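In what follows, a structure is listed as structure tokens, so that the remarks can point back to it.
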Amino acid sequence: MTGDLLNLNLGCGLDTPEGFVNVDRVGLAGVDVVADLDLAPWPWKDGAAAYIKASHVFEHVRDPVVFMTEAWRVLALDGLLDIRVPGGGYIGPGVWLPHEHGFTDPTHVRNCTPHTWDYWIPGTALFEAYGAGLGGGRGGACFALHDLTLAGEQGEELRAVLQKVDD
């Protein structure tokens, strides 16, 4: 943890490292908080977290707007939201093909691209056109893109690290 701020590990499953509040929808061994991330409000105060790890959970939530809005709310200013999802790759100009892992799990409700989070990043075309309708802008959830990487020999994992900012 950083000072009095929390490090949250959302959708942890059996990956429950020390130094994190490990959160899952199921009360597995090592889970500290059982919570449904589709339901707001999440059980933390505004600005309570310095870092949120969301490894392979975003593709499972049914309401990504609630997820992004609540993550922004519980993060302290400049806090980091580290989202990891199944990857993929561009197969032509502007044509993204998700990695097969994105299709394999029957509990996945979406595939993501490098632009999925643009709706919450001021200055992007998607934010400017639609962000306010998705909880971004004018006092809503706004992030800066801190890092975007595609990992693995076949692009198995897409990682977006977003930093909480004021709009």
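What follows is calculated from the coordinates using simple rules that are stated; it is not laboratory data. What you see is a predicted model, and the numbers here were worked out from it, not measured in a lab. Virtual Cβ from ideal backbone geometry, glycine too; neighbours counted across all protein chains shown.
With n ≥ 4 as the cut-off for DSSP H runs, can you work out [θ] at 222 nm for the chain, using -39500 (n - 2.57) per run divided by the number of residues, rounded to the nearest 500? List each step's numbers first, then the result.
Values: 3 runs with 21 residues, N = 167.
One gets -3000 deg cm²/dmol as the mean residue ellipticity at 222 nm.
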Exercise. Given the options 94, 79, 30, which has the most mean-square fluctuation in a GNM of the chain, springs set between C-alpha atoms less than 10 angstrom apart?
Worked result: 94
Problem set entry | Nitroxide proxy distance, nm - points 7 Å out along Cα→Cβ at residue 153 and residue 32 | 3.7
Seminar exercise, completed: Counting only DSSP beta bridges with both partners in the stretch 6-164, the antiparallel fraction in percent, to the nearest 5, comes to 55
Seminar exercise, completed: Simple SL model, points at 7 angstrom along Cα→Cβ for residue 46 and residue 18; separation in nm is 3.5
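Relative contact order of the stretch 6-164: what whole-number percent is it, with Cα pairs under 8 angstrom and at least 6 residues apart? Write down the numbers at each step before the final one.
Values: 345 pairs, mean separation 30.4, N = 159.
19 percent.
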